[in-house]
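The values are calculated or read from the model by the stated rules, or taken from the named source; none is laboratory data. Just so we're clear, the structure is a prediction, and the values are computed from it rather than from any experiment. Cβ sites come from the backbone with ideal geometry, for glycine too, and all protein chains shown count toward neighbours.
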Amino acid sequence: MENSLVILTVVKKIIVICLYRVFLGVPAFAATLGASYDADTYYAYQSYSEVRTKTVDLGTFHAGVQILGIDPTYNGHFNFAAVRFDNLSSFTLAEKKYLQLTLKDFKTPQAVDPSYQGPPNYSYLSTGSFQLGIYALSSVFSESQNADLTVWYPANFSSTSKIGEFTMTSAGVYQVDVTSAVDSWISASSTNFGFGLVGISSAPQATTARFYSMESAGFGPALIPEPETSSLFVLALASLLCLRSRRHARD
């Protein structure tokens, strides 16, 4: 009986929080928004990929570590990516927004044979170390397939400030606060060119992060409300179901 009262009290508090948000004009729980677009470009050959069809890369997009003028072995051989969300009407300026990405694996180069002219062999691992940087793009990402990358890339990545970053050590879901950028796009939709993604560092060097793309239902990029707020809703629902099952059991 006491446990039921405690659960009921928690549920009541959550309901009060929801009502308070509605009173302030904020939706109790903003809907999760799937990406409208994702793609990547390979810097060295300027090959642009919006839809993945090869078996090994099906339903993924790639972000490698920026290597320019650092290591001749990998110089310019990396992917950079973009994710865009077009319809932001389900969000308001009064709430937090998080970019959610699901990492499939780490594409890790094996030892390079100096006598071999060509790409290295790769291992696809569920664990690794990859630091990802997130940027607010200032131009349409598809331009990267034809533009002069020595100009276009710095203007959108290396010469601009990151809006977020996180380190990944295993396959799974990662989230980063992107509230400021999304709020600016809500206020001025014409400036919404999406998020740019590229690696800052990795171990081993030249690792590529493979993320599930929007073609992978349930795993693609998403824009979500504050994770803690979403968790409250799940907790409240689970608690109510628990109380109902207990009452039915007593009956």
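Could you check how many residues of region 77-91 are assigned to a strand (DSSP E or B) and either closer than 11 Å to Val182 by Cα or of a type in the set (Ser, Thr, Tyr) (or both)?
Restricting attention to region 77-91, the residues satisfying the condition of being assigned to a strand (DSSP E or B) are 79-84.
Retained after the next criterion (residues that are either closer than 11 Å to Val182 by Cα or of a type in the set (Ser, Thr, Tyr) (or both)): 84.
Here the count works out to 1.
In this structure, is Glu143 touching a Pro at 6+ places or on another chain (Cβ under 7 Å) and charged (D, E, K, R)? Even if it seems obvious, please write down each step before you answer.
Working: touching a Pro at 6+ places or on another chain (Cβ under 7 Å): no; charged (D, E, K, R): yes.
So Glu143 does not fit the description; no.
Looking for something part of a helix (DSSP H, G or I), hydrophobic (A, V, I, L, M, F, W, C) and either at pLDDT 95 or above or under 23 Å from Phe106 (Cα atoms) (or both) - is there at least one such residue anywhere in region 169-183?
Restricting attention to region 169-183, the residues satisfying the condition of being part of a helix (DSSP H, G or I) are 179-183.
Subset that is hydrophobic (A, V, I, L, M, F, W, C): 181-182.
Remaining after also requiring either at pLDDT 95 or above or under 23 Å from Phe106 (Cα atoms) (or both): 181-182.
For region 169-183, residues part of a helix (DSSP H, G or I), hydrophobic (A, V, I, L, M, F, W, C) and either at pLDDT 95 or above or under 23 Å from Phe106 (Cα atoms) (or both): present.
Would you confirm, using the coordinates I've provided, whether Ala31 is of a type outside the set (S, T, N, Q) and either more than 22 Å from Ser216 (Cβ to Cβ) or in a strand (DSSP E or B) (or both)? Outline the logic, then answer.
Numbers: of a type outside the set (S, T, N, Q): yes; either more than 22 Å from Ser216 (Cβ to Cβ) or in a strand (DSSP E or B) (or both): no.
Spelling it out, it is not the case that Ala31 is of a type outside the set (S, T, N, Q) and either more than 22 Å from Ser216 (Cβ to Cβ) or in a strand (DSSP E or B) (or both).
Within region 159-169, which residues are in contact (Cβ under 8 Å) with a residue 60 or more places away in the chain, farther than 22 Å from Ser138 by Cβ and not aliphatic (A, V, I, L, M)?
Passing the criteria: none in range.
I need the full set of residues from region 40-61 which are out of contact with any helix residue (DSSP H, G or I) (no Cβ under 6 Å at 6 or more places or on another chain), more than 18 Å from Ser158 (Cβ to Cβ) and either in a strand (DSSP E or B) or not hydroxyl-bearing (Ser, Thr, Tyr) (or both), in order please.
If the condition is that a residue be out of contact with any helix residue (DSSP H, G or I) (no Cβ under 6 Å at 6 or more places or on another chain), more than 18 Å from Ser158 (Cβ to Cβ) and either in a strand (DSSP E or B) or not hydroxyl-bearing (Ser, Thr, Tyr) (or both), then Ser47, Ser49, Glu50, Val51, Arg52, Lys54, Val56, Asp57, Leu58, Gly59, Thr60, Phe61 are the ones that fit.
Anything in region 9-56 that is at pLDDT 80 or above and either over 27 Å from the mean Cα position of the chain (by Cα) or among the small types (Gly, Ala, Ser) (or both)? List them, or say none.
Gly34, Ala35, Ser36, Ala39, Ala44, Ser47, Ser49
What's the total number of residues in region 69-93 that are among the polar types (S, T, N, Q), surrounded by fewer than 18 Cβ atoms within 10 Å (Cβ to Cβ) and modelled with pLDDT of 95 or more?
Pass one, region 69-93, residues among the polar types (S, T, N, Q): 73, 75, 79, 87, 89-90, 92.
Filter once more, so that each one left must be surrounded by fewer than 18 Cβ atoms within 10 Å (Cβ to Cβ): 73, 75, 87, 89-90, 92.
Next, only the ones that are modelled with pLDDT of 95 or more stay: none.
Number satisfying all stated conditions: 0.
Let's see how each residue does on (1) assigned to a helix (DSSP H, G or I); (2) exposed (fewer than 14 other Cβ atoms within 10 Å of the Cβ); (3) of a type outside the set (Lys, Arg):
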residue	(1), (2), (3)
Pro119	no, yes, yes
Gly128	no, no, yes
Ile134	no, no, yes
Ser144	yes, no, yes
Val151	yes, yes, yes
Ser161	no, yes, yes
